[in-house]
Amino acid sequence: MKIIKAKDYNDMSRKAANIISAQVIMKPNAVLGLATGTTPIGAYAQLVKWYNKGDIDFSEVTTINLDEYKGLDGTHPQSYRYFMNEHLFNHINIDINNTHVPNGKDEDSDHACEEYNRIINKAGGIDLQLLGIGLDGHIGFNEPGTAFELGTHCVKLTESTIQANSRLFDSIDEVPKEAYTMGVKTIMQARKVLMIASGANKAEILKESFFGPVTPQVPASILQMHPDVILIADKEALSLIE
Ligand code: F6R
């Protein structure tokens, strides 16, 4: 594993965007695994800037996102499809048909998950998977205790996640109770993994994930077994790792 120390959030974002753009330059038809959340917003903004300068061409790129709420349509402002369109896809020359997010509107979980696995396989797997990390070590929506061997599957959101997410919805009843997520197995099959993290609140879980025991109780800990992982984190997030 390679750990790259960034000065701050902006520096982390630029460094991550550099690695993503290098991947696209080296393989114009690269398959990028993408994440939502607060952490990657700066990296996406940087990619848009470089695209506008003419430095990156996304016309042949395919993207495969980690997760989506079950029940939300892509036009819902809290859906992850909406997030990706707003922060990245609407601002670059990617073919929107080559951007994939699990289909939240498919009420048939088995069908939705099989379909997503099929899309990932058809794309030939993921060249570079971008990941954030949850405070409990989750990656995608793979919460502590999730079996490592799962592909795309449907998860029930924990009461604390529903509570936490309710701030983004008009009422707690509107918060989806389930989500579709790429499984740990699929994440581990990505040829390269790029995790980004920022802020002191991520320090403890980064230490546990990369220097503690490998256990489903800390889903990100499995990345210790991946042959090509880069962690880019700012000083605060790396404060417990030296
Ligand atoms: C998002 C995702 C999540 C986030 C994680 C960290 O697609 O899969 O695992 O990466 O919850 O979120 P932030 O970046 O908001 O701290």
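Filtered by the rule that a residue be closer than 16 Å to LEU128 by Cβ and open to solvent by 30 Å² or more (accessible area, probe 1.4 Å), the stretch 58-81 gives a lone residue, GLU60. Taken together, the residues in the stretch 132-168 that are open to solvent by less than 20 Å² (accessible area, probe 1.4 Å) and among the aromatic types (Phe, Trp, Tyr) amount to 1.
A residue that is open to solvent by 60 Å² or more (accessible area, probe 1.4 Å), out of contact with any Asp or Glu (no Cβ under 7 Å at 6 or more places or on another chain), within 16 Å of the ligand (Cβ to nearest atom) and over 16 Å from ALA179 (Cβ atoms) occurs nowhere in the stretch 50-57. Condition check for HIS87 on (1) open to solvent by 30 Å² or more (accessible area, probe 1.4 Å); (2) under 15 Å from ILE41 (Cα atoms); (3) out of contact with any helix residue (DSSP H, G or I) (no Cβ under 8 Å at 6 or more places or on another chain); (4) not aromatic (Phe, Trp, Tyr): one failure, at (3).
The number of residues in the stretch 95-119 being touching a residue at least 40 places away in the same chain (Cβ under 8 Å) and within 15 Å of the ligand (Cβ to nearest atom) comes to 3.
Return yes when ASP234 is open to solvent by less than 10 Å² (accessible area, probe 1.4 Å) and of a type in the set (D, E, K, R) and no when it is not. Yes; evaluated as a whole, the condition is true for this residue. The single residue among THR181, THR161 that is touching a Gly at 6+ places or on another chain (Cβ under 6 Å) and within 10 Å of the ligand (Cβ to nearest atom) turns out to be THR181.
The values are calculated or read from the model by the stated rules, or taken from the named source; none is laboratory data. This is a predicted model, so every value here is computed, not measured. Cβ coordinates were reconstructed from backbone atoms using ideal geometry, including for glycine residues, and neighbour counts include every protein chain displayed. Protein only, heavy atoms only, side chains kept; ligands, DNA and RNA dropped before computing areas. Shrake-Rupley method; radii C 1.70, N 1.55, O 1.52, S 1.80 Å.
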